[in-house]
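Please read the structure below before turning to the comments.
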Amino acid sequence: MRTSSWSCRSAIILGTFVTGALIAHAAEQATLIAAPSDLKWADTGPQFPDTQLVILDGDAGGKGPVALRFRCPADYKFLPHTHPGAERVTVLAGTMLIGLGPKYDAAKLKEVQTGGFFVIPTKEPHYGECKGETIIEVHTTAPLGTTYVNPADDPSKKKK
């Protein structure tokens with residue numbers, strides 16, 4: 001069977017493109033956080049008052065993978081909301097109570113202890129509480145964002 005030179009050239013060009021993309025991906029800057037004390041925590045902002053966030057890797061406002069940590073105080077409660085990307089969450093400290101659905105229902109909260117893991121699909125309404133100071137690590141896709149199911153629940157929209 002004879003292969004045309006056009007298809008061979010196309011395969012070479014495609015192979016070169018894929019290899020170049022892989023090399024470009026591998027050339028991203030390495031990240032090393034040697035100790036938790038090296039983290040630069042910042043206030044999360046008005047949508048999650050009294051909480052803190054640190055971006056471990058990625059560009060929160062760009063595109064592509066992002067790894068972050070989120071810290072909330074004891075007894076912190078967050079009402080039903082969604083995010084534009086799926087969240088893969090590991091509880092690093094404390095206990096997270098998590099529920100799925102558009103309405104807050106304390107009876108449906110599931111306890112995720114330190115070392116536990118859960119996934120929230122893209123745009124899945126969820127809510128919860130933190131028992132004790134809680135730190136979670138989230139792997140998601142940028143751009144980051146939060147939309148409250150009930151806009152009146154959004155703390156950034158409330159008058160002070």
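According to the Kirkwood relation over distinct C-alpha pairs, the hydrodynamic radius of region 36-157 is 14.4 Å. Taking Lys and Arg as +1 and Asp and Glu as -1, the other residues whose beta-carbon sits under 13 Å from that of GLY94 total -2.
Between LEU53, PRO125, CYS72, the Cα set farthest toward the positive side of the dipole of region 36-157 (charges on each charged residue's Cβ, about the Cα centre) is that of PRO125. Dipole size of region 55-160 about its Cα centre, with +1 on Lys/Arg Cβ and -1 on Asp/Glu Cβ: approximately 340 debye, rounded to the nearest 20.
Take the residue pairs LYS110/LYS157; LYS77/LYS103; LYS63/LYS158; LYS77/LYS110 and return only those whose Cα atoms are more than 25 Å apart. With Cα atoms farther than 25 Å apart: LYS110/LYS157; LYS63/LYS158. Projected label points at LEU39 and ILE55, each 7 Å from Cα along the beta carbon direction, are separated by 1.6 nanometres.
Shape of region 94-151 from the C-alpha gyration tensor: oblate (a/c of 1.5 or more and a/b not above b/c, with a ≥ b ≥ c the square roots of its eigenvalues).
Values quoted throughout were computed directly from the atomic coordinates according to the rules given, and no laboratory measurement underlies them. Since this is a predicted model, take the numbers as computed values, not measurements. Glycine gets a Cβ as well: all are built from the backbone with ideal geometry, and neighbour counts include every protein chain shown.
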